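Colleague: The structure that follows is given in the form of structure tokens.
The values are calculated or read from the model by the stated rules, or taken from the named source; none is laboratory data. The shown structure was predicted, so the numbers you read here are calculated from the model rather than taken from an experiment. Cβ atoms come from the backbone with ideal geometry, glycine included; neighbour counts cover every protein chain shown.
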Amino acid sequence: FDDRDGFIWLDGQLVPWRDARVHVLTHALHYASCVFEGERVYGGTVFKLTEHSERLEKSGKILGFDLPYDVQAIDDATRAVVEANGIVDGYVRPLAWRGSEMMGVAAQANKIHVAIACWLWPSYFSPEAKLKGLRLTIADWKRPAPDTAPTASKAAGLYMICTLSKHKAEAAGYDDALMFDYRGQVAEATGANIFFVKDGQLHTPKPDCFLDGITRRTVIDLARQHRIDVIERAIQPGELEGFEQAFLTGTAAEVTPLSEIGPYNFEVGTITKTLMTAYDDLVRGRVRE
Ligand code: PMP
């Protein structure tokens, strides 16, 4: 991914893609002092750009660092890098991390770097999987408690167990994995939130130890506009059997139906399809918020 044409915004400037490099003694590489975002460009516009820039700032604060750019500057830089790369439909990856001035666990003096990259990326899951529904297995790893890790931050370190879980799922022929939390309750997939449908109502876990996704909140709003009840609550693994439909939400995943979680099957039903269409119409600007 590093050897290609294009530009990456790095510490205030657009630099050629191949020149956006860091030193091996970068604190973030050793100790995961890094936060990031994932954004989507639809028709040349980043969906909910300012919310993402604000979350990047907040994620950094939770890890104890302030970004050297304010939200407005990050928004402007994002637009500039999207335009410089001519991205009409794609993905944006902003990140902020501690640099290489000090080496050791403590690194208060390290410079905070910020980069924003973007690329063409039509779909996270294959269009076929999106029609038929994804197959999920259950992850071995549990989402940590909020007093075990900074779970409200979109921090790189929290993704170690996501990569392990996703690799194991893919090696076994699944699309992704459902993760439970430290209490054993249903949490989320490795990079997306989860919803279930039963008796015409939506059920989704409370995001008290994992990311409260921007897509999750958007889909809750859309459901309410469609007069679909949304219940945010603790969901036990034993309930999976009784749900009729299930889907994932995320910037990359958008609204993606599930056909299986472990031994349980789900249909790609009307409520799921209604929300897939409503989300698509919203992000592509066919309807206003
Ligand atoms: N959970 C995790 C672990 C994620 O990586 C993501 C993607 N950012 C989400 C949930 C969904 O968040 P959003 O809708 O803001 O993309």
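Colleague: If you check Gly262, Gly269, Gly250, which single one turns out to be under 26 Å from Ser126 (Cβ atoms) and within 13 Å of the ligand (Cβ to nearest atom)? Please lay out each step first, then the result.
Modeller: Numbers: Gly262 fails: within 13 Å of the ligand (Cβ to nearest atom); Gly269 fails: within 13 Å of the ligand (Cβ to nearest atom).
Of the residues listed, the single one that is under 26 Å from Ser126 (Cβ atoms) and within 13 Å of the ligand (Cβ to nearest atom) is Gly250.
Colleague: If you don't mind, another one. Pairs please, first residue from the range 52-63 and part of a loop (DSSP other than H, G, I, E, B), second anywhere and within 14 Å of the ligand (Cβ to nearest atom), Cβ atoms under 7 Å, 6+ apart in sequence or on different chains.
Modeller: If the second residue must be within 14 Å of the ligand (Cβ to nearest atom), the pairs left are Leu63/Val35; Leu63/Pro150; Leu63/Ser153; Leu63/Ala155.
Colleague: When you scan the range 255-289, how many residues do you find that are in contact with a helix residue (DSSP H, G or I) (Cβ under 8 Å, 6 or more places away or on another chain) and either surrounded by 22 or more Cβ atoms within 10 Å (Cβ to Cβ) or among the hydroxyl-bearing types (Ser, Thr, Tyr) (or both)?
Modeller: Qualifying residue count, the range 255-289: 8.
Colleague: Quick check on my filter: what residues within the range 133-182 are out of contact with any Cys (no Cβ under 7 Å at 6 or more places or on another chain) and of a type in the set (D, E, K, R)?
Modeller: Passing the criteria: Arg135, Asp140, Lys142, Asp147, Lys154, Lys166, Lys168, Glu170, Asp175, Asp176.
Colleague: Also, quick follow-up: Pull up the range 11-49, narrow it to residues that are among the basic types (Lys, Arg) and part of a loop (DSSP other than H, G, I, E, B), then point me to the one that is nearest to the ligand (Cβ to nearest atom). It would help to see each step written out before you state the result.
Modeller: Let us first name the residues in the range 11-49 that are among the basic types (Lys, Arg), namely 18, 21, 40, 48.
Those still in the list that are part of a loop (DSSP other than H, G, I, E, B) too: 21, 48.
On the way: Arg21: 25, Lys48: 8 Å.
Across the range 11-49, the extreme among qualifying residues is Lys48.
Colleague: Evaluate the following for Arg217: is it within 18 Å of Phe247 (Cα to Cα), free of Cβ contacts under 8 Å to residues at least 12 places away in the same chain and within 15 Å of the ligand (Cβ to nearest atom)?
Modeller: Values: within 18 Å of Phe247 (Cα to Cα): yes; free of Cβ contacts under 8 Å to residues at least 12 places away in the same chain: yes; within 15 Å of the ligand (Cβ to nearest atom): yes.
Criteria met by Arg217.
Okay, residues lined up against (1) more than 18 Å from Ala192 (Cβ to Cβ); (2) of a type in the set (A, V, I, L, M, F, W, C); (3) not assigned by TED's automatic domain parsing to the domain that holds His30:
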{"site": "Ala107", "(1), (2), (3)": "yes, yes, no"}
{"site": "Ile116", "(1), (2), (3)": "yes, yes, no"}
{"site": "Gly133", "(1), (2), (3)": "no, no, yes"}
{"site": "Ala152", "(1), (2), (3)": "no, yes, yes"}
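Colleague: Collect the residues in the range 26-78 that are basic (Lys, Arg) and touching a strand residue (DSSP E or B) at 6+ places or on another chain (Cβ under 7 Å), keeping them in residue-number order. So that I can check it myself, show each step before the final result.
Modeller: Of all residues in the range 26-78, those basic (Lys, Arg) come to 40, 48, 55, 58, 61.
Within the range 26-78, Arg40 is the sole residue that qualifies.
Yes/no per residue for (1) over 30 Å from Glu260 (Cβ atoms); (2) hydrophobic (A, V, I, L, M, F, W, C):
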position: Ala96; (1), (2): yes, yes
position: Glu101; (1), (2): yes, no
position: Glu128; (1), (2): no, no
position: Lys132; (1), (2): no, no
position: Ala139; (1), (2): no, yes
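Colleague: While we're here: So which of Ala177, Ala192 ends up being surrounded by 19 or more Cβ atoms within 10 Å (Cβ to Cβ) and within 11 Å of the chain's Cα centre (by Cα)?
Modeller: Values: Ala177 fails: within 11 Å of the chain's Cα centre (by Cα).
So the residue among Ala177, Ala192 that is surrounded by 19 or more Cβ atoms within 10 Å (Cβ to Cβ) and within 11 Å of the chain's Cα centre (by Cα) is Ala192.
Colleague: A follow-up question, please. Being more than 15 Å from the ligand (Cβ to nearest atom) and at positive phi narrows it down to one of Gly200, Gly242, so name that one. Spell out the reasoning first.
Modeller: Details: Gly242 fails: at positive phi.
Selected residue: Gly200, the only one of Gly200, Gly242 that is more than 15 Å from the ligand (Cβ to nearest atom) and at positive phi.
Colleague: With crowded, with 22+ Cβ neighbours inside 10 Å and in a helix (DSSP H, G or I) as the only criterion, which of Thr249, Thr218 stands out?
Modeller: On the way: Thr249 fails: in a helix (DSSP H, G or I).
Going through Thr249, Thr218 in turn, just one is crowded, with 22+ Cβ neighbours inside 10 Å and in a helix (DSSP H, G or I): Thr218.
Colleague: If I go through the range 108-127 residue by residue, how many of them are among the hydrophobic types (A, V, I, L, M, F, W, C) and not in a strand (DSSP E or B)? Outline the logic, then answer.
Modeller: Going through the range 108-127, the residues among the hydrophobic types (A, V, I, L, M, F, W, C) turn out to be 109, 112, 114-121, 125.
From what is left, the residues that are not in a strand (DSSP E or B) are 109, 121, 125.
The qualifying residues number 3.
Colleague: Might you check whether a residue that is of a type in the set (S, T, N, Q), under 24 Å from Met102 (Cα atoms) and buried (at least 17 other Cβ atoms within 10 Å of the Cβ) occurs anywhere in the range 66-81?
Modeller: Step one: list which residues in the range 66-81 are of a type in the set (S, T, N, Q), which gives 72, 78.
Subsequent filtering for residues that are under 24 Å from Met102 (Cα atoms) retains none.
No, there is no match, as no residue in the range 66-81 is of a type in the set (S, T, N, Q), under 24 Å from Met102 (Cα atoms) and buried (at least 17 other Cβ atoms within 10 Å of the Cβ).
Colleague: If we keep just the residues of the range 125-158 that are free of Cβ contacts under 8 Å to residues at least 40 places away in the same chain and among the aliphatic types (A, V, I, L, M), which is nearest to Ile214 (Cα to Cα)? Working first, answer last.
Modeller: If we filter the range 125-158 for residues that are free of Cβ contacts under 8 Å to residues at least 40 places away in the same chain, which is where we start, we get 126-128, 140-141, 147-149, 158.
Cutting the leftovers down to among the aliphatic types (A, V, I, L, M) gives us 149, 158.
Details: Ala149: 21, Leu158: 18 Å.
Here the residue is Leu158.
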